[in-house]
Amino acid sequence: MNDLMRYAEQVWTGEESLGAYFSGALRKEGLRPVADDVWMWPATGNVYVFRSSDGLLLFDSGGRQTARDLHTAVRALTKDPVRSIIYSHGHVDHVLGTTPFDEEGARTGNTAPRVIAHDAVQRRFDRYVLTAGYNSVINRRQFRVPKMTWPTVFRHPDQTYTDREDLRVGEVEVHLRHGRGETDDATMAWFPDTRILCCGDFYAWNAPNAGNPQKVQRYVAEWAQALRWMANLGAELLLPGHGVPIVGSDRIEETLVASAMFLEKLHDQVLALMNQGASLDEVLRGVTPDQDLLSKPYLRPTYDEPEFIVRNLWRYYGGWYDGDPSALRPAAKAELACEMAELAGGALVLARRASALADRGEHRLAGHLAELAAMCASVTDPGYAEIHAARARVFTALEESSGSFMARSVYSWTAAQSRSLAAGGDGEQEMSGERWAP
């Protein structure tokens, strides 16, 4: 057992965390073997390299930050040509490492890799170009990288499929199957001869990322279906899009089935309440995630959280109207904020009340009041600095009390903005903290 697989075993047993993986330390030694003629590039989005008698097959190509390093690592291993690259889906941490291999083909006169993906990947790339500004804004906030810019040039696939596709590179046979989960363009790759399963982001050592509040629709029921389909394959090695491999058919089945059950239980509770006529607020308060499932080391809600998945289910089945008639055609939020401030005796009163609530541990309620105060505050208000200091304090408390990376990112971004404004700045973000994959 090599160092990577020993580490993966320790992560499964709870002796180690995924900290070393997310730090990038595992990439320092280049490609890591995970099976005979199969290697892993443990990047933000993992890359898997399969060797055949006719050249290399890559499952994903990673992000733009590691593209050159991936190429160097592959070439340190072998000079064999890269024949095919399969995209698990179109997220930028999985598809932007292809260019160096294309350039190599042009430079050497060899054929460039054939890129294969689900046909919805092309539509995703088109949407990314249309929404590049928006994606820059939300990803700066989500990943706490104030200067990042969203890419607008993508390596489109040479070959697409709709439901299933069977490929062969040399003697390596691979069956591609489409599923909807975190994305609508996802591909699972099953290698029947070696019983290896590449699952992309259907599984990533966390509770499924099925509710991201800043991204497009996720597909909870279909995600669960895909997990159960994979669980029935009898895979002996699971290679996830993020995190470390899982070895053994029993562990793989346990993990995938538990993930499916977690999603199914949320899905069924939401749908039952919606069918009873509940509002979104009533659904949010009425759904209870399965805590036994969430306590498992491979299902902890450290990235997404169940409440966000509930909201995504509401959006999928019910649209954007939340059942509150005052929210159907609402007044501008700043107008409501100033009306509330006037009733309370001023924005500063709201801000001070928010601080008091935060001191009592009522962080969610404090967040509402702090945001109302900030919306109504004017730069010329004598209490402006105190209002934003209170807002920074409240949202820092919300960050510290939140379990998911997504919630912490939004709260920390908000707190940093108010710290800047309280100090006389312009609210620009200077912080750069925790990172994760989109």
Can you compute the FRET efficiency between Arg168 and Asn275 using 1/(1 + (r/R0)^6), with r the Cβ-Cβ distance and R0 = 51 Å? Round to the nearest 0.05.
0.60
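Using only helices, what value at 222 nm comes out for the chain when you add -39,500 (n - 2.57) per DSSP H run of length 4 or more and divide by the total residues, to the nearest 500 deg cm²/dmol?
Result for the chain, helices only: -14000 deg cm²/dmol.
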Gap in Å between the Cα centre of region 293-327 and the Cα centre of region 171-223?
19
From the phi of every residue in region 353-363, what ³J(HN,Hα) in whole Hz does the Karplus formula 6.51 cos²θ - 1.76 cosθ + 1.60 yield, where θ is phi - 60° and glycine or proline is x?
5, 4, 4, 5, 5, 4, 4, 8, x, 8, 5
Potential lengthening between Arg315 and Asp126 on full extension [0.36 nm per residue; Cα-Cα distance subtracted]
65.7 nm
Which angle between 0 and 90 degrees, to the nearest 10, do you get for helix 67-77 versus the longest principal axis of the chain when only C-alpha atoms count?
30
Helix 3-13: inclination vs the chain longest Cα principal axis, degrees, rounded to 10, gives 50
Provide the gained length on full extension for the span Ala423 to Gln291, in nm with one decimal, where the gain is 0.36 nm per separating residue minus the Cα-Cα distance.
43.3 nm
Using θ = phi - 60° and the Karplus curve 6.51 cos²θ - 1.76 cosθ + 1.60, what whole-Hz ³J(HN,Hα) does each residue of region 207-223 get, with Gly and Pro shown as x?
4, x, 7, 9, x, 2, x, 10, 10, 6, 3, 9, 10, 5, 5, 5, 4
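Out of all Cα-Cα pairs in the chain, roughly what percent, to the nearest whole number, are more than 27 Å apart? All intermediate terms of the calculation are to be shown ahead of the outcome.
On the way: 54611 of 95703 pairs.
Result: 57 percent of Cα pairs exceed 27 Å.
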In what sequence do Arg329, Arg114, Arg141 fall when counting other Cβ within 10 Å, fewest first?
Arg329, Arg114, Arg141
Cα centre as origin, Lys/Arg/Asp/Glu Cβ charges: the chain dipole, Debye:
820
Can you list, by residue number, the Cys in the chain that have no neighbouring cysteine C-beta under 4.7 Å?
Cys198, Cys199
Sequence-distant or interchain residues sharing an amide H contact under 5 Å with Ile85, placed H: which?
Leu58, Arg114, Val115, Ile116
Helix 99-108 versus the longest principal axis of the chain: what angle, 0 to 90°, nearest 10, using Cα atoms?
30
Karplus-derived 3J(HN,Hα) from phi for region 246-257 (6.51 cos²θ - 1.76 cosθ + 1.60, θ = phi - 60°), whole Hz, x at Gly and Pro, runs 10, 10, x, 5, 5, 5, 5, 4, 4, 5, 5, 5
Going toward the positive end of the dipole of region 331-422, with +1 on Lys and Arg Cβ and -1 on Asp and Glu Cβ, which of Ala385, Gly361, Val349 do you reach last?
Gly361
Taking the beta-carbon count within 10 Å as an exposure proxy, list Phe395, Phe405 from fewest neighbours to most.
Phe405, Phe395
Would you please give the FRET efficiency between Met1 and Trp229, computed as 1/(1 + (r/R0)^6) with r the Cβ-Cβ distance and R0 = 35 Å, to the nearest 0.05?
0.75
Considering only lysines 8 or more places apart in sequence, or on different chains, count the pairs in the chain whose C-alpha atoms sit under 28 Å apart.
7
Taking H placed 1.01 Å from N in the peptide plane, check which residues at least 5 places from Ala35 or on another chain put their amide H under 5 Å from its amide H.
none
Note the full-extension length gain between Leu336 and Asp359 as 0.36 nm times their separation in residues minus their Cα-Cα distance, in nm to one decimal.
5.8 nm
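Readers should treat all values here as calculations from the given coordinates under stated rules, not as data from a laboratory. Only a predicted model underlies this, so the values are computations on that prediction, with no experimental measurement involved. Every residue, glycine among them, receives a Cβ derived from its backbone with ideal geometry; neighbour counts consider all protein chains shown.
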